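A.B. asks: Okay, here's the structure, questions in a sec.
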Amino acid sequence: MRKFISFFIKYPIWSNAIIIIILGFGLLSMFTMRHSFFPEMETTMLKIWVTYPGASPQEMEEGVTTKIEEALKNVSGIDEVVSTSSENFSDISVYCYTDEDIDEMLTKVKNAVDAVNGLPAASEQPRVVKGTSGRMSTTASYISLSGPDDLNRLKEVGDQVERDFLNSSAISSVEKYGYPNKEIVVEIRESDLQRYSLTFNQLVQSISMNNLDFSAGLIKTSEEQMYIRSMSRSTDPEDIGNIVLYAQPDGQKIKVADVANVFLDFEETTSRSYVNKKRSVTYLIRKLPNDDLSKIAGFTENYVEEFNRNNEDFEMKIMFQFSEMLDDRIELLGVNLFFGLLLVVLVLSLFLRIRLSLWVAFGIPFSFIGMFALGAIYGITVNMISLFGMIMVIGILVDDGIVIAENIYSHYERGKSPMLAALDGTMEVMSSVFTSVITTIVAFGFLFFVEGAMAFMAEMAFVVVACLLLSLVEAFLILPSHLSNEWVLSRKKRTRGLRQGLEKGIEWLRNGYAWILRGIIKRYRAWVFFPFLFILVTVILQMSGYIGWTWFESPPFDSITLEASFKPGETDDQTEEFLWYAHNKIDSIGLLMEQELGKKVISYVSLNIGSASGLGEGGPHAGTIRVSTESADDIDTRSIANRIKESISLEWQNRLQKFSVGGEEQFGKPISISLVSEDSDQLSECAQWLRNEFENMDGLNDIVDNSGIGNRELQVTLKPKARLLGLSLNDVLGQTRQGFFGAEAQRLILGRDEVKVWIRYPKSGRSSLADLDNIMIKTNSGQLFPFHELAEYTIKRGKVEINHLDGKQEIEISADVLDASKIGEYSSSIYADLVPEMEQKFPDVDLNMRGQSEEGMESLYWFMIAFGASIVMMMIILSLNFRSFYQAKLILMVIPVGFYGAVLGHGIEGFKFSTLGLFGVIALAGVLVNDSVVMLDTYNRLLREGLDVKKAAYECGKQRFRPVILTTITTVAGLYPLILENSFQAQFLVPMAITIAYGVFFGTIILIFFFPALILFFADMKRSRWWLWRGGKYPPTRIEVEPVTKIMKRELEMSDLIQSSNGNGGITKEELHG
């Protein structure tokens, strides 16, 4: 290796060539790399959707969902199956194991679903697709189109906008919301239907058999061939009305229009959207893996600007652009990166010569730019996690360069030439530098294997590992080559001014440290317990509540969501009245806060009638309001959400069945409990009991469950008369369904939309119980009888939806907490107090923790694996480097101190210690080991030079004081601008930054002052153990028990063996090494 490094020192053009190649490819990759908000992770979820028009939740469960779930039990590779059966729809989520190939699983699940027999004839073909990997990584933009309250005009313009989006090269996926689909309605006039003795089925057959295109073959002549075709399919209601049903004996043709009104209309579903009180259409633009977030943002911004300029009656508004948030975070991280780099260079300049420090600092941009080249091959994107990885590693990158540069400078100060100083200085610390960087890489490397909520750590780990590998190239090959230049290392007779003062100050610090260290070493048996005292104090602070714990920090929302629902079956008039009431309250709060802060607070308010997905409700009784706020440090969305909730009167809150104000939690609800059972009655009783218990717990609010009550239903039974007439339940309700729900005659393509042709009674003929009682049911003999003579009914409440978890019925109850630091306490209280009582009262119900507790437990599981594996690998690497398992254990003793230093840092900064901070400990372990390796390597080298143990322990601290302090200050300085950041974009990242910065800070203080004492104390313990084991009059000396002494002895014995073997013509040196 010495020859290899000397080659680069002699011929610096080779190091320059490496710089040009790596920077060239890196810059090219950096400017062409795609942008995304979050790392793009492969999904592990498959979705199965089945539509069955007119079916109740029970029908969907029994006829569709359960059959598919049974089929999936034979498919290997499935971790969990979650399903929801609701009106007309079955939604099944299949979660696969992470080591399964998702494309193969898609094929296996499709095959299993296709093999299901006995699905209802009226249900549509099941759709099986890949799920998305998360909103953060797949959503690009929310855009609204507002205009006149004319659905036809809004749809016409809205469809054109959708086509323009999809025809662009930037956008691949668009979802559109805001108005129902179109349909062709054939409204039957009951009196005319009876006059002409027709049935619904006859109309369905006539329309489907005549309104079609048909190819009947071709005629081949000697001269040409002609196709036989009928092109009679039409989407014009007038053409459908002219379809002939039959001809009377007098030749009069009876047409569809003679018994029905035919027209084009929108579906009878409650779906209305408004933005800033104007009727609107909302576009959700999704980012596919090959799309670029910045290109999507650029196209949409230009399109919206041009559209608004050319359309007076309509207005487009970008409600939310993930690219803007990404740009904000890039700007935030870029500023922190700049100031971190500036602080690192400044610190290096204070401790080293400016020219020397600039070449050490060059390792930062070199590693960063080179990382982009490797990242392009690996497949990363520019996102908030990869950028955070760069900030995290900024201070670590120069650690190896500092140690090498400082050692080169020390050799130069001894009188060596620049080239010889560069070579000897590099070789002397190469082993320890390589070991320290490799241990850091190992620590971060195990984050590649983390799964669950923290799987995004893999991208951050790649950034750190790639940068550290490139920093080794720069430290071993490029740095010595440039430091060997006399322009960098030049002797000056005397330093003056600021530099002279700085050097005196540094010397004063080192002498002061040396004086303190002498006192500690003098009484090392007492001082060695100081780190344990530090840990004890931190534990006491934790137990006293000064330093809190939570699974995940709760940063402000990026938007506020108000969701409300009345009892199912209630009309949309009441829902709309409440939503506009709440809208006005939000407007008032926005104006009040604008006066308080002197700037705009609320950017837009959108209102949707017909859905409250967060409450598990859909229909005219449910609605949602979304509030988007301006991005600013002094705008707290959680505080705004609380003000909105307080503004809603108790009268309205009491009328609502479900009500919630908040935002989307990145890691799920703070408290979420899943109850599972095959006994639906006991499950419902248990859910109600648990909900009551939650309501009695102080500090919990927004308690909701996903069960609820359904619409009122008419439970129909046949009267004896119907049986006597030969009518079955299917005959009676089948004809009733045709009139009230509708009979689908066919599906047509109108433009780009699929339009269904429905035959049913007019709205006026199906709006009351009297209408149902008086519809005429036709018997097999052609007789007509009113419904009330053939059937009777009772009115009951049905179910709004039925949820399953792995085939069993499930009810999930969730709640928010007023104090996020108490999430762990609530979870513990639920397990300790409620679960035992629940098991006694409801023995057939199983309880599972969901939400943040589930994600936190899974993250903790992967943390234990990653942390344990990294410690084992570091132990192996350190043992091999020092050729001693004992010294490897000695180095790892600094990790507990760093951990509790990180915990204390969270308390100092006012943060709760969380799962994100916990994962920072893995990175911290690798960083802390670096300085310990350098100090212990110096200690061993001094022992080899003949110093006694106490003197070597003292000198290793004194000699390595400057590089250890330098590496610590640069690491903390690189991270601290991010810790000081108050914007909500940074809050997600701050816990890990606190862990590393404070862990390194406190760990280094303990290291430089007490690691020499620890060396001596452990040496005494080893002496005592040897003496007890081997006996003797006196215990062995300190130097005798040191590993380096045994290694030197073995090396000497081996050397003597080689010499004697060579002298006897026996084994050669080369053979021994072989």
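Nothing in this text is a laboratory measurement; each read-out follows from the coordinates by a stated rule. Computed from a predicted model, the values in this text were never measured in an experiment. As a convention, Cβ positions derive from the backbone with ideal geometry for all residues, glycine included, and neighbour counts pool all protein chains shown.
A.B. asks: Using Cα-Cα distances under 8 Å and only pairs 6 or more residues apart, what relative contact order does the chain have, in percent? Could the numbers behind the result be given before it?
C.D. replies: Working: 1824 pairs, mean separation 164.4, N = 1074.
With pairs under 8 Å counted, the relative contact order is 15 percent.
A.B. asks: Just to verify a number: FRET efficiency for residue 79 and residue 167, C-beta to C-beta distance, R0 = 41 Å, to 0.05? Before the final figure, lay out the partial values.
C.D. replies: Numbers: r = 39 Å, r/R0 = 0.96.
That pair, residue 79 with residue 167, gives E of 0.55.
A.B. asks: Considering amide H positions built from the backbone, and no H for Pro or chain starts, which residues 5 or more places from residue 621, or on another chain, come under 5 Å of its amide H?
C.D. replies: The answer is 569.
A.B. asks: For the range 42-132, with only Lys/Arg (+1) and Asp/Glu (-1) charged at the beta-carbon, what is the dipole magnitude about the Cα centre, in debye rounded to 20? Show your work: numbers first, answer last.
C.D. replies: Values: 7 positive and 17 negative charges, 50 e Å.
It works out to roughly 240 debye.
A.B. asks: Right, something else. Remind me, relative contact order of the range 42-132 in percent, using alpha carbon pairs under 8 angstrom and six or more residues apart?
C.D. replies: It rounds to 46 percent for the range 42-132.
A.B. asks: Say the dipole of the chain comes from +1 at the beta carbon of Lys and Arg and -1 at that of Asp and Glu; which of 123, 894, 739 then lies farthest toward its positive end?
C.D. replies: 894
A.B. asks: Moving on. Which listed residue (368, 356, 782) has the Cα farthest towards the positive end of the charge dipole for the chain, taking +1 on Lys and Arg C-beta and -1 on Asp and Glu C-beta about the Cα centre?
C.D. replies: 356
A.B. asks: Which value in deg cm²/dmol, rounded to the nearest 500, describes the helix-derived mean residue ellipticity at 222 nm for the chain, given -39,500 (n - 2.57) per DSSP H run of n ≥ 4 and division by the residue count?
C.D. replies: Numbers: 42 runs with 584 residues, N = 1074.
For the chain, the value works out to -17500 deg cm²/dmol.
A.B. asks: Taking the Cα-to-Cβ direction at residue 682 and at residue 701 and moving 7 Å from each Cα, how far apart do the two end points lie in nm?
C.D. replies: The modelled label-to-label distance comes out at 3.7 nm.
A.B. asks: Here is a further query. Treating the angle as unsigned and between 0 and 90°, give the value, to the nearest 10°, between the Cα long axis of helix 680-695 and the longest Cα principal axis of the chain.
C.D. replies: Once rounded, one gets 60 degrees.
A.B. asks: So the label point goes 7 Å from the Cα of residue 714 along Cα→C-beta, right? Which residues of the range 565-590 then have their backbone N under 18 Å from it?
C.D. replies: It comes to 569-571, nothing else.
A.B. asks: What trypsin sites (Lys or Arg not before Pro) in the range 163-225 are in a loop by DSSP, with at most 16 other Cβ atoms within 10 Å of the Cβ? Let's see the in-between values first.
C.D. replies: Working: sites: 163, 176, 182, 189, 195, 220; in loops: 189.
Taking the range 163-225 and a limit of 16 other Cβ atoms within 10 Å, the loop trypsin sites (Lys or Arg not before Pro) found are 189.
A.B. asks: Loop-only GluC sites (Glu not before Pro) in the range 196-258, please: DSSP not H, G, I, E or B, and at most 11 other Cβ atoms within 10 Å.
C.D. replies: Working: sites: 223, 224, 238; in loops: 223, 224.
Here the GluC sites (Glu not before Pro) that fit, given the DSSP loop and packing criteria, are 223, 224.
A.B. asks: Simple spin-label model, 7 Å along Cα-to-Cβ: residue 20 to residue 651 in nm?
C.D. replies: 8.1 nm
A.B. asks: Output wanted: per-residue J couplings in Hz (rounded whole) for the range 467-474, from phi through Karplus 6.51 cos²θ - 1.76 cosθ + 1.60, θ = phi - 60°, x for Gly and Pro.
C.D. replies: 5, 5, 4, 5, 5, 5, 4, 5
A.B. asks: Which far-off residues, 5 or more places away or on another chain, put their amide H under 5 Å from the one on residue 658, with H placed in the peptide plane?
C.D. replies: Sorted by chain and number, the residues that satisfy this are 565.
A.B. asks: Let me ask something else about it. In the set (1) 98.0; (2) 43.0; (3) 64.3, which value of mean projected area of the Cα convex hull in nm² was calculated from the structure you see?
C.D. replies: (3)
A.B. asks: Turning to a different aspect of this structure: Amide H to amide H under 5 Å from residue 40: which residues, 5+ apart in sequence or cross-chain, H placed 1.01 Å off N in plane?
C.D. replies: Under 5 Å from the amide H of residue 40: 381.
A.B. asks: Okay, moving on. At a Förster radius of 56 Å, what calculated FRET efficiency corresponds to the Cβ-Cβ distance of residue 248 and residue 177, to the nearest 0.05? Don't skip to the answer; put the middle values down first.
C.D. replies: On the way: r = 48 Å, r/R0 = 0.87.
That pair, residue 248 with residue 177, gives E of 0.70.
A.B. asks: Now for a separate question. What ³J(HN,Hα) values, in whole Hz, does the Karplus curve 6.51 cos²θ - 1.76 cosθ + 1.60 give for the range 998-1010 when θ = phi - 60°, with x put for Gly and Pro?
C.D. replies: 6, x, 5, 4, 5, x, 5, 4, 5, 5, 5, 8, 10
A.B. asks: Under a point-charge model restricted to the Cβ atoms of Lys and Arg (+1) and Asp and Glu (-1), what is the dipole moment magnitude of the chain relative to its Cα centre, in debye to the nearest 20?
C.D. replies: On the way: 101 positive and 132 negative charges, 1282 e Å.
Rounded to the nearest 20 debye, it is 6160 debye.
A.B. asks: Let me ask something else. Dipole size in debye (nearest 20) for the range 575-687 around its Cα centre, Lys and Arg Cβ +1, Asp and Glu Cβ -1?
C.D. replies: On the way: 10 positive and 18 negative charges, 67 e Å.
Around 320 debye, computed over the range 575-687.
A.B. asks: Then there's this: Please find the FRET efficiency linking residue 875 to residue 58, where r is the Cβ-Cβ separation and R0 is fixed at 56 Å, and quote it to the nearest 0.05.
C.D. replies: Working: r = 59 Å, r/R0 = 1.06.
Approximately 0.40, to the nearest 0.05.
A.B. asks: Among 885, 237, 595, whose Cα lies farthest out toward the positive end of the dipole of the chain, if unit charges sit on the beta carbon of Lys, Arg (+1) and Asp, Glu (-1)?
C.D. replies: Going by the Cα projections, it comes out as 885.
A.B. asks: For the ranges 139-147, 414-422, what's the packing order if you count other beta-carbon atoms within 10 Å of each residue, average per peptide, and put the highest first?
C.D. replies: Values: 139-147: 23.6, 414-422: 17.4.
Order by mean packing, descending: 139-147, 414-422.
A.B. asks: To make sure I understand, if each residue's beta carbon is the centre and we count other beta carbons within 10 Å, what order do 570, 839 fall in, fewest to most?
C.D. replies: Numbers: 570 18, 839 12.
Ordered by Cβ neighbours within 10 Å, fewest first: 839, 570.
A.B. asks: Using DSSP to call loops (not H, G, I, E or B), can you name the trypsin sites (Lys or Arg not before Pro) in the range 1-99 whose Cβ has at most 14 other Cβ atoms within 10 angstrom?
C.D. replies: Details: sites: 2, 3, 10, 34, 47, 67, 73; in loops: 34, 73.
Listed in order of number, the matching sites are 73.
A.B. asks: With each pseudo-label sitting 7 Å past Cα toward Cβ, what's the residue 431-residue 117 distance in nm, one decimal?
C.D. replies: With each label placed 7 Å out from Cα toward Cβ, I get 7.4 nm.
A.B. asks: I need the phi-derived Karplus couplings for the range 84-89: 6.51 cos²θ - 1.76 cosθ + 1.60, θ = phi - 60°, integer Hz, Gly and Pro marked x.
C.D. replies: Computed from phi, the couplings for the range 84-89 are 9, 9, 10, 4, 6, 8 Hz.
A.B. asks: Let me ask something else about it. Over the residues of the range 42-132, compute the C-alpha Rg and express it relative to 2.2 N^0.38 Å. Before the final figure, lay out the partial values.
C.D. replies: Details: Rg = 12.5 Å, N = 91, 2.2 N^0.38 = 12.2 Å.
Scaled against compact globular proteins, the figure is 1.03.
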